[in-house]
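The values are calculated or read from the model by the stated rules, or taken from the named source; none is laboratory data. Fair warning: this is a prediction, and the values are worked out from it, not measured in the lab. Don't worry about glycine lacking a Cβ; one is built from the backbone with ideal geometry, like all the others, and counts go over all protein chains shown.
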Amino acid sequence: MSDSPKNPFELMMKQAQDMAKAMNPAMESFSPKGFEALWPTMPKEVMEMIFGNTVNKDGLDAKTRLLLTLAGLTCQGAQADSAVRQTVRHALEAGARKQEIVETIGQMSVFAGIPAMTRALDLAQEVMGDNKDEDQ
């Protein structure tokens, strides 16, 4: 048995990894998830100013907008890992409780299906597991 790739995609990925290692050995341990740490969580006041009802006094607040964004990302199959995690992180900062986030994702199972809901919940749990929010 050899360690050679078995299909064209595996071969392409192996070639890309080998090329990255040859150009920069530090790239061997590169993780795209590390980029998320470069984007700070916006303070609640900033989110209200940008996304909330500062301009439109009768409009949706930042928390509601972020929960709607999370619902949309879940309906898309929760394929954008970073976007789901960042939206959960920002929703928590905007005042959403863990229970509200779970309910938002759970409600989307009706529209997006159980696999999409499960994927989104797994991604959300990565963020909420780090957050010591006792007010569930």
### Query
Is it true that some residue in region 37-60 is at pLDDT 90 or above, surrounded by fewer than 14 Cβ atoms within 10 Å (Cβ to Cβ) and in a helix (DSSP H, G or I)?
no
### Query
Restricting attention to region 97-111, does a residue exist that is in a helix (DSSP H, G or I), of a type in the set (Lys, Arg), under 10 Å from the mean Cα position of the chain (by Cα) and modelled with pLDDT of 90 or more?
no
### Task
Please enumerate the residues belonging to region 86-105 that are surrounded by fewer than 21 Cβ atoms within 10 Å (Cβ to Cβ) and either in contact with a strand residue (DSSP E or B) (Cβ under 9 Å, 6 or more places away or on another chain) or of a type in the set (D, E, K, R) (or both).
Glu93, Arg97, Lys98, Glu100, Glu103
### Message
Need the failing condition index for Gln125 against (1) within 12 Å of the chain's Cα centre (by Cα); (2) more than 19 Å from Thr41 (Cα to Cα); (3) surrounded by fewer than 19 Cβ atoms within 10 Å (Cβ to Cβ); (4) among the polar types (S, T, N, Q), just the number.
### Response
(2)
### Query
Among (1) closer than 30 Å to Pro115 by Cβ; (2) touching a helix residue (DSSP H, G or I) at 6+ places or on another chain (Cβ under 9 Å); (3) at pLDDT 80 or above, where does Lys33 come up short?
(3)
